[in-house]
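Asker: Sending over a structure as structure tokens; questions will come in a sec.
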Amino acid sequence: MVEPWQDTTLPARTRAADLLARMTTEEKTAQLSSVWIGADTEGADVAPGQHTYASRSAALDALLPYGVGHLTRPFGTVPVEPAEGAARLAELQRTIRAGNRFSLPAIAHEECLTGFTAWQATIFPTPLAWGATFDPALIMDMAQAIGTSMRAVGIHQGLAPVLDVVRDARWGRTEESIGEDPYLVGTIGAAYVRGLQAAGIVATLKHFAAHSASRAARNHAPASIGPRELADLILPPFEMAVREGGARSVMPAYNDIDGLPAHAHAGLLTQLLRDRWEFAGTVVSDYYGVSLLDEAHRIADGEGAAARIALAAGVDVELPAARCFSPKDPLPEELLDRAVLRVLTQKCELGLLDADWEPVTGDLPVDLNPPHMRELAQKVAEESVVLLANDSGVLPLSDGLRIALLGPLADEQAAMLGCYTFPRHVGVHHPDLPTGVEVPTLAEALRAELPGAVLGEDLSAADVCVVVAGDRSGLFGRGSSGEGCDAEDLELPYGQAKLLDEAMASGVPVVIVVLSGRPYALGRWADRAAAVVQAFFPGQEGGAAVAGALSGRVDPSGRLPIGVPRTPGGQPAPYLAPPLGRHGFPSTVDPTPLYPFGHGLSYTTFAWDAPRCDTVELPTDGETTLRLTVRNTGQRPGTEVVQLYLHDPVGTVARPEVRLVGYARVTLDAGASAEVHATFPADLAAYTGADGRRVVEPGALELRVAASSEHVHHTVPLTLTGPVREVGHDRRMRCELRVK
């Protein structure tokens, strides 16, 4: 007989509620728990305090009679060959099913920020590079491919994307973020969510909220942020990913906001996320986030109190291991049932409650780095390379040149890899382990790209010098970029400034290539450099992508998702600063970026015709469509990125001078043209006023059609008419741009 909770014709929530009613308190609590197999083994060190917590957490054997909610990182803790890992995970799921009376398996989750964080899996560019592509469709394809590979070996949930809007690039996790603009972060992030979940993987939004707004850009530090900045700059990407992306899981942040830790913030996790945004998925703690309510924030007296506070706020699952959510310290029944119903509903949606469910064993051999994923990694890398300067015309490099290739990162794989790639996250603890995938260095890629060139380190005989500067990623101090690797300023690390000074003094034209997880101050050399190229940890195909951009095989089409500073101090200086946050009397500090948000050059040229607008007067609940023709006036194909910014001359509160409200990539052959249609809804002019209401006000606006936040081609004055209109969470959040 099929029980109602096993009946696939019934709605998931109905099935989950039937199962919930049959469970004991111990069985319910077990569904909120997680088990991290291998967390305390030698060479597994991917989270702070991991070994201490693992030794004090509930073991699998203790949970088996009741069930297990989550399995933590079966592939991303220690190296495991893919087919063997799939077989081990399948056997573990069989053990878990056999141990509990309902035969329930666990949800297996993994990191997937730069691809599936598993040995031998394709390594994609870091999220800051996703932002540089300005290409949501490509990022969605990438995410779907990542999700498909995870699903093929038995994974159900991915801990990505990171939707933190960067407020200070000294923050070590800048590389994990998509950029400094909420519209760019939201549109790219929602695309990633749609792609991952199209493959059957639950996407998890991180870190909710204000993790990136910490004081002095220190990891886990309190966020000094007001409710308006939170509402207008930090929260929109999460809202977009929930409403438009359909995200099915959210992870709270480690920080506190005005003294209230995110894991204890009912205003965020329940009143906003669930009551107003109508989010129906699960909230999973960041690793040890519940424990930290007791140990770090000190708002709880012991583990049981921490569990009750987190559960009441809206946390449903404790990751990565059961410590606070324990039947030994009973949880309030009403709150327990609320969380368990959400978890069981998600398990039902994943098929884990079906009577015929069987674990995925994987086809042998399991290939986590197939050709189509390498091609996607290459395309994302190529579209993310940003040409910042080329005033001398030294780029593209011709074959046959004598090239002095300098810099500690010129021939190092680490220059390509972010901190959540398997080699930098796990592999560093296994020095004898092969990388698992081919990751050509820039030196290797340049030799293949320009076989007739002579590469060496001799400046005296060189026609051109390429200096490769940037970062090595790592975790918690093991790199210059990455989680826990915050910077005191934005000076290039490892003494690279001295190397650049010496190269500039040689008289040889110098091309600066920055491979990094954050922007660094380049103003010291900008006037003397022949060219400047930026790539943000571009992944396993990044060497070939950057080499292709240097040779001209790839026309650079990336645009900056975050501005490049002129000087290493005077931070933060995001482009979304209000007027007083910009340069001017009476401060002697100039925070104006050297290269602004949205900036990027091409090897061809473009002309933008004056835009035409359906109407320049529209009601506060209306819309207008702008049409613009872009022409490739150069001698080679190329891609222009049309960006639409909004300027509001007068508001009731101080606001950013401009903010991005739309963009489109326009790829054209030499001599070709295309028309860009941009439909702008008045809802995008909404902002949060002093009274906390989000409103659209009548009055004058400007739409700025631009190649960057500072390079404006055309300005279109608009007038909004009618009453002040309050907008809610059903407002339109994007400007639709179409290329014809």
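Asker: Any idea how far apart V739 and E84 come out in nm if each label point goes 7 Å out from Cα toward Cβ?
Answerer: Distance between the two pseudo-spin positions: 4.6 nm.
Asker: What distance in nm separates the two pseudo spin-label positions at T605 and A59, each 7 Å out from Cα along the beta-carbon direction?
Answerer: In this crude spin-label approximation the distance works out to 7.4 nm.
Asker: Normalized C-alpha radius of gyration of the stretch 381-581, against 2.2 N^0.38 Å? Walk me through the intermediate numbers first.
Answerer: Details: Rg = 16.6 Å, N = 201, 2.2 N^0.38 = 16.5 Å.
Dividing the Cα radius of gyration by 2.2 N^0.38 Å gives 1.01.
Asker: While we're on this one: Tell me, what is the FRET efficiency for D432 and V2 to the nearest 0.05, using R0 = 51 angstrom and their Cβ-Cβ distance as r?
Answerer: Values: r = 52 Å, r/R0 = 1.01.
FRET efficiency, D432 to V2: 0.50.
Asker: Need the C-alpha centroid separation for the stretch 580-651 versus the stretch 392-433, integer Å.
Answerer: 33
Asker: For a Förster distance of 35 Å, can you work out the FRET efficiency between the beta-carbons of T719 and A198, rounded to the nearest 0.05?
Answerer: It comes out at approximately 0.25.
Asker: Among G638, S673, G474, which residue has its Cα furthest toward the positive end of the charge dipole of the chain, with +1 on Lys/Arg Cβ and -1 on Asp/Glu Cβ?
Answerer: S673
Asker: How far is helix 182-198 tilted off the main Cα axis of the chain, in degrees rounded to 10, range 0 to 90?
Answerer: Approximately 50 degrees, to the nearest ten.
Asker: With a sphere of radius 15 Å drawn around the Cβ of T588, what net charge do the other residues whose Cβ falls strictly inside it have (Lys, Arg +1; Asp, Glu -1)? Spell out each step's value before the answer.
Answerer: Values: positive: R566, R582; negative: D590.
Once all neighbours under 15 Å are counted, the net charge is +1.
Asker: Using only the alpha-carbon atoms of the chain as identical scatterers, what base-10 log of I(q)/I(0) does the Debye formula give at q = 0.05, 0.06, 0.08, 0.12 Å⁻¹?
Answerer: Debye output, listed in q order: -0.24, -0.35, -0.63, -1.36.
Asker: Which of the aspartates and glutamates could a cross-linker span from K740 if the Cα-Cα distance has to be under 16 Å and same-chain partners fewer than 8 positions apart are dropped?
Answerer: Cα-Cα hits under 16 Å: D609, E640, D669, E675.
Asker: Let me ask something else. With every atom except the alpha carbons ignored, what do you get for Rg and Dmax of the stretch 335-390, in angstroms?
Answerer: Reported Rg and Dmax, both Å: 21.1, 63.
Asker: Let me ask you something else. Excluding L331 itself, calculate the net charge of residues whose Cβ lies under 9 Å from the Cβ of L331, where each Lys or Arg counts +1 and each Asp or Glu counts -1. Could the numbers behind the result be given before it?
Answerer: Working: positive: K28, R308; negative: D329, E333.
It works out to a net charge of 0.
Asker: Still on this structure: Determine the alpha carbon to alpha carbon distance for each of K206/K379; K206/K347; K379/K498 and list only those over 27 Å. It would help to have the intermediate numbers written out before the result.
Answerer: Details: K206/K379 25 Å; K206/K347 21 Å; K379/K498 34 Å.
As for pairs spanning more than 27 Å Cα to Cα, those are K379/K498.
Asker: Could I ask something else about it? Determine, for each peptide in 387-399, 145-157, 504-516, the mean count of other beta carbons within 10 angstrom over its residues, then list the peptides with the highest first. All intermediate terms of the calculation are to be shown ahead of the outcome.
Answerer: Values: 387-399: 17.6, 145-157: 23.9, 504-516: 21.2.
In decreasing order of mean packing, 387-399, 145-157, 504-516 become 145-157, 504-516, 387-399.
Asker: E375 to A355: extension gain in nm, 0.36 nm per residue of separation minus the Cα-Cα distance?
Answerer: Extending this stretch completely gives an extra 3.3 nm.
Asker: As I understand it, the dipole of the chain uses +1 on the Cβ of Lys and Arg and -1 on the Cβ of Asp and Glu, about the Cα centre. Which of P698, V508, G304 lies farthest toward its positive end?
Answerer: P698
Asker: Tilt of helix 82-99 relative to the longest C-alpha principal axis of the chain, in degrees (0 to 90, nearest 10)?
Answerer: Taking the Cα atoms of the chain, the angle to 82-99 is about 30 degrees.
Asker: Once the piece of chain linking H711 and V616 is laid out straight, how much longer is it, given 0.36 nm per residue of separation minus the C-alpha distance between them?
Answerer: Values: separation 95, 0.36 × 95 = 34.20 nm, distance 2.23 nm.
That pair, H711 and V616, stretches by 32.0 nm at full extension.
Asker: For the pair K498 and T95, what calculated FRET efficiency results from E = 1/(1 + (r/R0)^6), where r is the Cβ-Cβ distance and R0 = 56 Å, to the nearest 0.05? Kindly include the intermediate steps, with their values, before the conclusion.
Answerer: Details: r = 57 Å, r/R0 = 1.02.
Calculated transfer efficiency: 0.45.
Asker: So if I place +1 on the C-beta of Lys and Arg and -1 on the C-beta of Asp and Glu, and nothing else carries charge, what would the dipole magnitude of the stretch 381-581 be about its Cα centre? I want it in debye, nearest 20. The partial results should precede the final answer.
Answerer: On the way: 12 positive and 24 negative charges, 67 e Å.
Once rounded to the nearest 20, the dipole reads 320 debye.
Asker: What is the magnitude of the charge dipole of the chain about its Cα centre, with +1 placed on the Cβ of each Lys and Arg, -1 on the Cβ of each Asp and Glu, and no other charges, expressed in debye to the nearest 20?
Answerer: The dipole of the chain has a size of about 840 debye.
Asker: While we're looking at this one, here's another question. What does DSSP give for the chain in terms of the percent of beta bridges that are antiparallel, rounded to the nearest 5?
Answerer: Numbers: 52 of 94 bridges.
About 55 percent, rounded to the nearest 5.
Asker: What is the helix-to-structure angle for 371-384, meaning the angle in degrees between its Cα long axis and the longest Cα principal axis of the chain, kept from 0 to 90 and rounded to the nearest 10?
Answerer: 50
Asker: Can you check what the net charge comes to around D275, using other residues whose Cβ is under 15 Å from the Cβ of D275 (Lys, Arg +1; Asp, Glu -1)? Walk me through the intermediate numbers first.
Answerer: On the way: positive: R243, R274, R276, R338, R342; negative: E239, E278, D730.
Here the charged neighbours net out to +2.
Asker: On full extension of the chain, what length is gained from Q271 through D399, given 0.36 nm per residue of separation minus the C-alpha to C-alpha distance?
Answerer: Details: separation 128, 0.36 × 128 = 46.08 nm, distance 6.09 nm.
Gain on stretching Q271 to D399: 40.0 nm.
Where a number appears in this text, it was derived from the coordinates with a stated rule and is not lab data. A quick note: this is a predicted structure, and the numbers were derived from the prediction, not measured. Here the Cβ is made from the backbone with ideal geometry for all residues, glycine too, and neighbour counts use every protein chain on show.
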